[in-house]
Amino acid sequence: MTGPANGSRRFAVHCSGAITEIIRRVHRQAWRQGRGKAVTRAFRQVIRRLETDPLHLGEPAYRLPGLRMQVRTAIVRPLVIDFAICEDRPLVFIKGVKLLSI
């Protein structure tokens, strides 16, 4: 699958409703701690990287051979993101988001 203009591959990024709620909770917690803007910047950076180059974001954690997916963990301060990359199609699934300690 190619992108619209430059021929680069674009990945579709998905997350479940439960993960969406976790992202909201992490964001609210960060705002209470005065780190809301940093979390917003980090999350936007993560999404951009997941859409364009997820195989070079973070470190591989393990592989799910039956699903043909690689699970990785990335730290983009102040966030830790766990995600899975489909090996057959340009799909990424966010599976966890955590806020690092101060």
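The values are calculated or read from the model by the stated rules, or taken from the named source; none is laboratory data. Note that the structure is a prediction, hence the values are computed from the model and not measured. Backbone-built Cβ (ideal geometry, glycine too); neighbour counts: all protein chains shown. Note: areas computed on protein heavy atoms with side chains; ligands, DNA, RNA excluded. Shrake-Rupley method; radii C 1.70, N 1.55, O 1.52, S 1.80 Å.
What about V46, is it of a type outside the set (F, W, Y), open to solvent by less than 90 Å² (accessible area, probe 1.4 Å), out of contact with any strand residue (DSSP E or B) (no Cβ under 6 Å at 6 or more places or on another chain) and within 14 Å of K98 (Cβ to Cβ)? The answer is no for V46.
The conditions of being farther than 16 Å from A74 by Cβ and in contact with a strand residue (DSSP E or B) (Cβ under 6 Å, 6 or more places away or on another chain) are not met by R24. Here's a check for you: in the stretch 59-79, which residue that is in contact (Cβ under 8 Å) with a residue 24 or more places away in the chain and outside any strand (DSSP E or B) is most open to solvent (accessible area, probe 1.4 Å)? This residue is R77. Whether any residue in the stretch 19-32 is open to solvent by 70 Å² or more (accessible area, probe 1.4 Å), part of a loop (DSSP other than H, G, I, E, B) and charged (D, E, K, R) is what I want to check. For the stretch 19-32, residues open to solvent by 70 Å² or more (accessible area, probe 1.4 Å), part of a loop (DSSP other than H, G, I, E, B) and charged (D, E, K, R): absent. Of note, P54 satisfies the criterion of being of a type outside the set (D, E) and either within 10 Å of the chain's Cα centre (by Cα) or open to solvent by less than 40 Å² (accessible area, probe 1.4 Å) (or both).
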